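Right, one structure below, let's go through it.
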Amino acid sequence: MAKKSKTAQKSDQDQSATLAVNRRARFDYEIIESVEAGLVLTGTEIKSLREGTGSIAEAYARIRDGEMWLFNMHIPPYAPARENHEPRRARKLLMHRRQIEEWEHLLETQPRTTIVPMRMYLTRGKAKVQIGLARGKRSYDKRQTIAKREAERSMQRALRHNQR
């Protein structure tokens, strides 16, 4: 089998370059289901994202008129461009109609559920967002998560200490 050229290796690495991660999503919410959705962007937005800027920390998704929309995602203006985009405009998410209808039904029937973006990345040059159907955690659930994480850390420390 022939070795891949450097450009082919580089394109394989760029196939799923992570642009932004919403770290609070897994802490504040219990993720029920997640799916990959395409993101409709303008030219200056994708160029700005490729520079490594952009934030999904305060973003959320809603279903309007049978379409999925992402609100409050921040993509800063692209400096070299003459005409730029609105940094926090609503952006359309590309999903199958059946998936949107299924998630809409789940949102209506289950209490405290919402749709949060968890990760934004590039796949083969296309911007994608991993969104999750999430149920909000209560404060005592968050305390349990912190206690569990601290217990795991202390066990790992003790194991490492015993190996020395």
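Each residue of the range 113-128 in order: what ³J(HN,Hα) in whole Hz does its phi give by Karplus 6.51 cos²θ - 1.76 cosθ + 1.60, θ = phi - 60°, with x for Gly and Pro?
Taking θ as phi minus 60°, the curve returns 9, 8, 10, 10, x, 10, 7, 10, 8, 9, 10, 6, x, 9, 7, 10 Hz for the range 113-128.
Scan around T123 for amide H atoms under 5 Å from its own, H built in the peptide plane at 1.01 Å from N, and keep only partners 5 or more places away or cross-chain.
Placed amide hydrogens put K128 under 5 Å from T123.
Are there GluC sites (Glu not before Pro) in the range 72-153 that DSSP puts in a loop and that have at most 12 other Cβ atoms within 10 Å, and which ones? Mind showing how you got there, number by number?
Details: sites: E83, E101, E102, E104, E108, E150, E152; in loops: E83.
Taking the range 72-153 and a limit of 12 other Cβ atoms within 10 Å, the loop GluC sites (Glu not before Pro) found are E83.
Sum -39500 (n - 2.57) across every DSSP H segment of at least 4 residues in the chain, then divide by the residue count to get the 222 nm mean residue ellipticity, nearest 500. Display every interim value, and only then the final one.
Numbers: 5 runs with 60 residues, N = 164.
Rounded to the nearest 500, it is -11500 deg cm²/dmol.
Would you mind classifying the range 43-164 by shape? Square roots of the alpha carbon gyration tensor eigenvalues, ordered a ≥ b ≥ c; an a/c under 1.5 is rounded, otherwise it is prolate if a/b is larger than b/c and oblate if not. Please report the intermediate quantities before stating the final value.
On the way: a/c = 2.63, a/b = 1.41, b/c = 1.87.
Here the range 43-164 falls in the oblate category.
What number, in percent, do you get for the relative contact order of the range 18-137 if the mean sequence gap of Cα pairs under 8 Å and at least 6 apart is divided by its residue count?
On the way: 245 pairs, mean separation 45.4, N = 120.
Relative contact order here is 38 percent.
Restrict the search to the range 31-129; then list the trypsin sites (Lys or Arg not before Pro) that DSSP places in a loop and that have at most 16 other Cβ atoms within 10 Å of their Cβ. Show your work: numbers first, answer last.
Working: sites: K47, R50, R62, R64, R82, R88, R89, R91, K92, R97, R98, R112, R119, R124, K126, K128; in loops: R82, R88, R89, R112, R124.
In loop regions of the range 31-129 (DSSP not H, G, I, E or B), the sparsely surrounded trypsin sites (Lys or Arg not before Pro) are R82, R88, R89, R112, R124.
Can you sort V35, V40 from fewest to most other Cβ atoms within 10 Å of each residue's own Cβ? Provide the component values of the computation, followed by the final result.
On the way: V35 17, V40 12.
Placing the least packed residue first, the sequence is V40, V35.
A short reminder: the numbers here are calculations on the coordinates, not readings from a lab. The model shown is predicted, which means the values in this text are computed figures rather than measured ones. Ideal geometry is used to build each Cβ from the backbone, glycine not excepted, and the neighbour counts take in all protein chains shown.
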